[in-house]
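The values are calculated or read from the model by the stated rules, or taken from the named source; none is laboratory data. Bear in mind the structure is a predicted one, so any value in this text is a computation, not a measurement. Glycine gets a Cβ as well: all are built from the backbone with ideal geometry, and neighbour counts include every protein chain shown.
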Amino acid sequence: MLLSIVPCGPVAANMMFVGADGGKTVAVIDPSDAALALAILKERGWTLSDILITHRHFDHLLGVAELKKATGATIYISEKDAEGLKSNLVSLSMAQRITLEPVEPDVLLHDGDTFEAAGLSFRVLETPGHTIGGITFVCDEQRCAFVGDTLFADGYGRFDLPTGDFNALSLSIRNVLFALPDDYRLYPGHDEPTTVEREKRSNPINYEGMPWSD
């Protein structure tokens, strides 16, 4: 799998380019800097086909509208978080005195959906808790998942913002992400990648709050 992770934007969100090995068509996950994304696409000779969004927060949306205009890429987001693309209040950009240009999503996603993008097959898992519409993009063939701000290496996303919920976050991590095979690589929205096996052993979510439940 082609994979390039570029931390950028005001809080170093991971903008991730993904595609099939040897291909020149890519998807971008959570683009937080359109100018940088366009420069990378030009430098590497890539064509952007799809924009995948893990959740509604502004730091993961900053480049979406401009990239849509420049490339016509298809925008995917959870139906429950789609309003973040159109509301500076919902995306929390207003609180940072940042104005996002509204943009309409092309595909509204739900748990269990599957789709093809940039030569890869994606499976959607609903992983709420950081936001009500947080989703994870799983590539089973490549044995990895893009988890947004639900889980970090040795940590997890905050749950004190609007629609955040610790109980939902705990269940998303313990019952959904930890149900993936141990060797699956997890790519969070910030900081470094990790694995399911590592987080099952060391993530503090194991020792805080709710017990395991169905």
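A few comments on the model shown:
- Number of the exception - residue 162 against (1) under 22 Å from residue 120 (Cβ atoms); (2) not in a helix (DSSP H, G or I): (1)
- So residue 158, is it surrounded by fewer than 21 Cβ atoms within 10 Å (Cβ to Cβ), closer than 20 Å to residue 138 by Cβ and at pLDDT 95 or above: no
- Note on the stretch 123-135: residues that are buried (at least 24 other Cβ atoms within 10 Å of the Cβ) and in a strand (DSSP E or B) amount to 1.
- Whichever residue in the stretch 87-105 is within 25 Å of residue 41 (Cβ to Cβ) and charged (D, E, K, R) and, among such residues, is modelled with the highest pLDDT: 104
- Some residue of the stretch 107-115 being under 14 Å from the mean Cα position of the chain (by Cα), modelled with pLDDT of 95 or more, closer than 23 Å to residue 9 by Cβ and not polar (S, T, N, Q): yes
- One residue alone among 63, 9, 19, 84 is crowded, with 19+ Cβ neighbours inside 10 Å and modelled with pLDDT under 95, and that residue is 9.
- On the stretch given as the stretch 106-128, residues that are touching a strand residue (DSSP E or B) at 6+ places or on another chain (Cβ under 8 Å) and closer than 28 Å to residue 170 by Cα total 16.
- Selection from the stretch 18-32 of residues that are under 12 Å from the mean Cα position of the chain (by Cα) and more than 15 Å from residue 76 (Cβ to Cβ): 32
- Residue tally, condition part of a helix (DSSP H, G or I), buried (at least 17 other Cβ atoms within 10 Å of the Cβ) and not small (Gly, Ala, Ser), over the stretch 167-187: 7
- Selection of first residues in the stretch 12-30 that are more than 15 Å from residue 122 (Cα to Cα) and of second residues that are acidic (Asp, Glu) and modelled with pLDDT of 95 or more, restricted to Cβ pairs under 7 Å at least 6 apart or on distinct chains, gives the following pairs, ordered by first then second residue: 13/30; 13/59; 14/30; 15/30; 15/33.
Yes or no, residue by residue, for (1) of a type outside the set (A, V, I, L, M, F, W, C); (2) under 27 Å from residue 129 (Cα atoms); (3) in contact with a Phe, Trp or Tyr (Cβ under 7 Å, 6 or more places away or on another chain):
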residue: 49; (1), (2), (3): yes, no, no
residue: 55; (1), (2), (3): yes, yes, no
residue: 72; (1), (2), (3): yes, no, no
residue: 75; (1), (2), (3): no, yes, no
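- Residue selected from the stretch 87-105 under the condition farther than 18 Å from residue 130 by Cα and surrounded by 17 or more Cβ atoms within 10 Å (Cβ to Cβ), by the criterion nearest to the chain's Cα centre (by Cα): 105
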